[in-house]
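This report concerns only the one structure given below.
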Amino acid sequence: MMQKDSVREKLLTIMVSKSYTQLPPKELIELYSEMKNYLAIGDSHLSESNGLSLTEMLFYVCVYLSKDVEAQIHFNALRDRFGESSPKLQIMKATLLQINQNDDVAIQYLESLINRQLEFESDTTSYTMVMKKLISIKIQPFMVSSSSKKGKDEEKDKGKVINELLKLVDKFPLDPETWWFMGEVYFQLKDYHKAKYCFEEILIIMPFNYEAFARLSEVLYYQALTITNMNSSSRKLSEYNDLLEKSLQNALRSVEISEYYIKGWIMAYKTTQLIVNGNNQQQQHQQQNKTNNDKLENRKKKLEVLNLSKAKLQEISSKTSVEQDKITIEYVLRS
């Protein structure tokens, strides 16, 4: 019984956190085998709703592992039992249409669903879930360098998709998931200023969301990296330093709320590393604008944060049982 209890809790935690979407191939295969065995044996303490959620997760794990036939079987089982009125099943069907036919067919299905049904229903959850899936399919070609569309046509089509996303946010301005989705889209498009705005909106709605603080830190970090030719402009240098300081503040706020949140400590480490190491041109500008004492004191504080971040990441690595976390931490500390 204890073994079933531990497996159940583990699988439900993975399902709720959606961490399976980030697993490397080896761990994904192990998860697939564990889920198959667990569901085949059965568990009388697993509620019906949780059982359905695990089956949904198994569907997506099959998709990630290119087990398309098995994914279809899991979808058919859920559809035969519950019909296709659930937005989760509608999204699963769209995923299968992408696999078995193409993105255009999936887009036509979702657009038809929205125009005929969801646009006029009071169930806002279904509408937002289906719209996010639709937009994610439409935006994908603009997030890869191999997009077949070029120039003005590409920009025009991308603008249409962004407008759909903006309309979704306008309809549901207090939905943090929608803001997060839009923030991720802008981040993938390397529009860091707009991505920053989206994650700031999430923190207005959810001021203790440590994941959003860490993600905002990451956005600011990459925005800083876009600034070039700092040696030729004191304004650019000031903007660069300001972005890194804000990145660090948000990273530290993240780990203040959740002490062992890996992403928060990684961003604190990477940001302070960049601040401390700095390039020669930056240091020359700093010497012109600060006294030596101020500069040394600031560097001392940043070194303390850098060492603390490193020690905390090493501590987490020594305690975690998640192999991917260990690999990630080792890579960050080695870089």
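In the stretch 3-22, of all residues being within 14 Å of Glu34 (Cα to Cα) and basic (Lys, Arg), the one that is most open to solvent (accessible area, probe 1.4 Å) corresponds to Lys10. Taken together, Ser85, Ser122, Ser136 contain a single residue that is modelled with pLDDT under 85 and of a type in the set (Ser, Thr, Tyr), which is Ser122. Scanning the stretch 223-244 for residues that are surrounded by fewer than 16 Cβ atoms within 10 Å (Cβ to Cβ) and in a helix (DSSP H, G or I) gives Leu225, Asn231, Ser232, Ser234, Arg235, Lys236, Ser238, Glu239, Asp242.
Close contacts from the stretch 100-120, counting a first residue that is more than 20 Å from Val63 (Cβ to Cβ) and assigned to a helix (DSSP H, G or I) and a second that is modelled with pLDDT under 95 and aromatic (Phe, Trp, Tyr), with Cβ to Cβ under 7 Å and a gap of 6+ residues or different chains, come to Leu118/Tyr127. Kindly evaluate Ser49 against the criterion of being free of Cβ contacts under 8 Å to residues at least 12 places away in the same chain and under 25 Å from Asp325 (Cα atoms). No.
When the stretch 39-57 is filtered for residues that are assigned to a loop (DSSP other than H, G, I, E, B) and among the charged types (D, E, K, R), only Asp43 remains. Filtering the stretch 202-255 to residues that are without any contact (Cβ under 8 Å) to a residue 24 or more places away in the chain and either under 14 Å from Gly183 (Cα atoms) or among the β-branched types (Val, Ile, Thr) (or both) leaves Leu203, Ile204, Ile227, Thr228. With respect to the stated conditions, Lys133 fails to be over 25 Å from Asp157 (Cα atoms) and part of a helix (DSSP H, G or I).
Taking each residue of the stretch 1-28 that is without any contact (Cβ under 8 Å) to a residue 40 or more places away in the chain and more than 14 Å from Asp43 (Cα to Cα) and looking for partners that are in a helix (DSSP H, G or I) and of a type in the set (Val, Ile, Thr) with beta-carbon atoms closer than 9 Å, six or more apart or interchain, yields Ser19/Thr13; Leu28/Val61. Listed by first and then second residue, the pairs linking a residue in the stretch 176-188 that is touching a residue at least 24 places away in the same chain (Cβ under 8 Å) to a residue that is among the aliphatic types (A, V, I, L, M) and not in a helix (DSSP H, G or I), with Cβ atoms under 8 Å apart and 6 or more places separating them unless they lie on different chains, are Pro176/Met206. Of all the residues in the stretch 185-202, those that are at pLDDT 90 or above, surrounded by 19 or more Cβ atoms within 10 Å (Cβ to Cβ) and not small (Gly, Ala, Ser) number 8. In the set Asn115, Asn102, only one residue is open to solvent by 20 Å² or more (accessible area, probe 1.4 Å) and modelled with pLDDT of 90 or more; that residue is Asn102. Working only within the stretch 214-243, note down all residues that are in contact with a helix residue (DSSP H, G or I) (Cβ under 7 Å, 6 or more places away or on another chain) and over 22 Å from Leu189 (Cβ atoms). Once the filter is applied, which keeps residues that are in contact with a helix residue (DSSP H, G or I) (Cβ under 7 Å, 6 or more places away or on another chain) and over 22 Å from Leu189 (Cβ atoms), the stretch 214-243 yields Asn229, Met230, Asn231, Ser234, Lys236, Leu237. Restricting attention to the stretch 1-41, the residues that are within 21 Å of Asp325 (Cα to Cα) and of a type outside the set (Gly, Ala, Ser) add up to 24. For Tyr60, are the conditions met, namely being under 27 Å from Tyr32 (Cα atoms), of a type in the set (Ser, Thr, Tyr) and either part of a helix (DSSP H, G or I) or at pLDDT below 95 (or both)? So Tyr60 passes the test. Quick check on the stretch 142-184: of everything there that is open to solvent by 100 Å² or more (accessible area, probe 1.4 Å) and not in a helix (DSSP H, G or I), which residue is modelled with the highest pLDDT? Filtering first and then ranking leaves Leu174.
The values are calculated or read from the model by the stated rules, or taken from the named source; none is laboratory data. These figures come from a predicted structure and were not determined experimentally. With ideal geometry, Cβ positions are generated from the backbone for all residues, glycine too; neighbour counts draw on all protein chains shown. Surface accessibility is based on the protein's heavy atoms, side chains included, excluding ligands, DNA and RNA. Shrake-Rupley method; radii C 1.70, N 1.55, O 1.52, S 1.80 Å.
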